[in-house]
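A.B. asks: Handing you this structure, nothing more for now.
The values are calculated or read from the model by the stated rules, or taken from the named source; none is laboratory data. If you're wondering where the values come from, they're calculated on a predicted model, not measured in any experiment. Cβ sites come from the backbone with ideal geometry, for glycine too, and all protein chains shown count toward neighbours. Surface accessibility is based on the protein's heavy atoms, side chains included, excluding ligands, DNA and RNA. Shrake-Rupley method; radii C 1.70, N 1.55, O 1.52, S 1.80 Å.
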Amino acid sequence: MNTLLYDGSFDGLLTAVFEVFEYHYKEVEIISKDRFHQENIFAEIHEVITQNDKAERVLNKLEKNIRKSGIHELLKVFLSEDIELEHLILSAVRQSIKHPEENILQNYADNDIVKISKICKSVSRERHRMTAFVRFEKMQDGVFFAKIDPDFNVLPLIRKHFKDRYQDQKWMIYDLRRHYGILYDLENCDFFYPEEKLDLHQYQQKFHDEEPNYQTLWQRYFTKTNIKERKNLKLHIQHVPKRYWKYLTEKEKW
């Protein structure tokens, strides 16, 4: 058995998938480093270094075989944080290569495809709940703030909905469980990654304080990912990079 360890990012996972084929691994498992606990002392460990060119080649193959809508479903599996997500995505890639002429994600005779379908339905339901029940609070400087705690990592799935719906006001949505969020400033709609867990008690104090000093809290907790000196890899890998956003459009038609 070969065990491939990756950094937990979607690019890292696709790189690992590429290397399964590159090195002709048969008996293989892919697992993120933060979830790895070696139980099989005979397993050969291979650490995957994320490489965008390898990830891109897998992505291009998938887009050719299962189209954008299929990639959209596999992204949902990734965002589900399911314990089997790596196995299921690898299985789907293998099947798409073996049967490029078929819509393999509709092959419900296959157990892995059935699991993928169930996960995607669950993630879609959670996405719908978040778009329906997110409630914003107006801050002293006019920014609207909402906190969520979804069962799945659906922030990348709801970004477009809120960007389209609230284009005329500044807002942010923060995931309490995963400690990152979305920030819209009337021009850009990007993910943000606090250097430390958001102190909700301190946040509430600032929210109710009549002396407008919220800008200090903003600068402390909400930093852009493109500031090199403030980069936090552990939090950064929890989201899907911008180049995958086009596959997350819920209204994609074919």
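A.B. asks: Please work out if R129 is part of a helix (DSSP H, G or I), farther than 30 Å from L5 by Cα and open to solvent by 10 Å² or more (accessible area, probe 1.4 Å).
C.D. replies: yes
A.B. asks: Right, something else. Could you look through the stretch 80-111, keep only residues that are in contact (Cβ under 8 Å) with a residue 12 or more places away in the chain and among the polar types (S, T, N, Q), and pick out the one that is nearest to L5 (Cα to Cα)?
C.D. replies: S91
Residues are listed down the side, and each one gets a yes or a no for (1) of a type in the set (D, E); (2) more than 21 Å from K197 (Cα to Cα); (3) touching a Phe, Trp or Tyr at 6+ places or on another chain (Cβ under 8 Å):
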| site | (1), (2), (3) |
| --- | --- |
| V123 | no, yes, yes |
| R129 | no, yes, no |
| F133 | no, yes, no |
| P150 | no, no, no |
| L155 | no, no, yes |
| R165 | no, yes, no |
| I173 | no, no, yes |
| L176 | no, no, no |
| I182 | no, no, yes |
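A.B. asks: Okay, next question. Output the qualifying pairs, or none if there are none: Cβ atoms under 9 angstrom, residues six or more apart or on different chains, first residue in the stretch 123-152 and modelled with pLDDT of 85 or more, second residue among the hydroxyl-bearing types (S, T, Y) and surrounded by fewer than 16 Cβ atoms within 10 Å (Cβ to Cβ).
C.D. replies: Between residues of the stretch 123-152 that are modelled with pLDDT of 85 or more and residues that are among the hydroxyl-bearing types (S, T, Y) and surrounded by fewer than 16 Cβ atoms within 10 Å (Cβ to Cβ), the close pairs are F136/Y166; F144/Y166; D151/S122; F152/S122.
A.B. asks: A further question on this structure: Test each condition in (1) at pLDDT 90 or above; (2) open to solvent by less than 10 Å² (accessible area, probe 1.4 Å); (3) within 21 Å of the chain's Cα centre (by Cα) for S96 and report the one that comes out false.
C.D. replies: (3)
A.B. asks: Let me spell it out: the conditions are (1) over 21 Å from E84 (Cβ atoms); (2) surrounded by 13 or more Cβ atoms within 10 Å (Cβ to Cβ); (3) without any contact (Cβ under 8 Å) to a residue 40 or more places away in the chain, and N52 meets all of them except one. Which number is the exception?
C.D. replies: Of the numbered conditions (1) over 21 Å from E84 (Cβ atoms); (2) surrounded by 13 or more Cβ atoms within 10 Å (Cβ to Cβ); (3) without any contact (Cβ under 8 Å) to a residue 40 or more places away in the chain, the odd one out for N52 is (3).
A.B. asks: Here's another thing I want to ask about it. Does the stretch 93-118 hold any residues that are more than 17 Å from L75 (Cα to Cα), of a type in the set (S, T, N, Q) and part of a helix (DSSP H, G or I), and which are they?
C.D. replies: Passing the criteria: only N111.
A.B. asks: Sticking with this structure for a sec: Mind checking which pairs have a first residue in the stretch 7-20 that is open to solvent by 20 Å² or more (accessible area, probe 1.4 Å) and a second that is in a helix (DSSP H, G or I) and of a type in the set (K, R), Cβ under 6 Å, 6 or more apart or different chains?
C.D. replies: F18/K54
A.B. asks: Any chance you could count how many residues in the stretch 12-36 are more than 14 Å from T50 (Cβ to Cβ), among the aromatic types (F, W, Y) and out of contact with any strand residue (DSSP E or B) (no Cβ under 9 Å at 6 or more places or on another chain)?
C.D. replies: 1
A.B. asks: If I ask for residues that are open to solvent by 40 Å² or more (accessible area, probe 1.4 Å) and either over 24 Å from L75 (Cα atoms) or among the small types (G, A, S) (or both), which ones from the stretch 133-156 would you list?
C.D. replies: R135, F136, E137, K138, Q140, D141, F144
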